[in-house]
Amino acid sequence: MSAYSEFDKERLEVDTLLRQGYSITSIQEDLDGARVKFISSDPGKSSQELLLLTADARKHVTTLLFAGIKPVTVIETHI
């Protein structure tokens, strides 16, 4: 899989969760990548966690946070 294809897959997963009403609650960076945790405003849905391996996908998430794109809400970050 090409580097762009890997990034596009991860970007799509993030954007899909955000469109479904999930909010980012934490980002934890380590040598394996970035673990991004999401919670839903719907009490019936469980929380989700994505492991982002590509640098471009990690940049995409932080760009969304700093741009103030809704429904992204920073509750806790670990770098």
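Computed from the coordinates by the stated procedures, all read-outs in this text should not be read as laboratory data. Note that the coordinates shown come from a computational prediction; the quantities given were computed from them, not determined experimentally. Please note: Cβ atoms are built from the backbone with ideal geometry, for glycine as well, and neighbour counts cover all protein chains shown.
Ratio of the chain's C-alpha Rg to 2.2 N^0.38 Å, to two decimals?
Compactness ratio reported: 1.04.
Using only Cα atoms and rounding to the nearest 10 degrees, what angle (0 to 90) does helix 55-67 make with the longest principal axis of the chain?
40
Tell me the mean residue ellipticity at 222 nm calculated for the chain from its helices only (DSSP H runs of n ≥ 4, each -39500 (n - 2.57), averaged over every residue, nearest 500).
It lands at -12500 deg cm²/dmol.
In debye to the nearest 20, how big a dipole does the chain give about its Cα centre with +1 on each Lys and Arg Cβ and -1 on each Asp and Glu Cβ?
260
If you line up the long axis of helix 3-19 against the longest principal axis of the chain, both from Cα atoms, how many degrees apart are they, to the nearest 10?
It works out to around 0 degrees.
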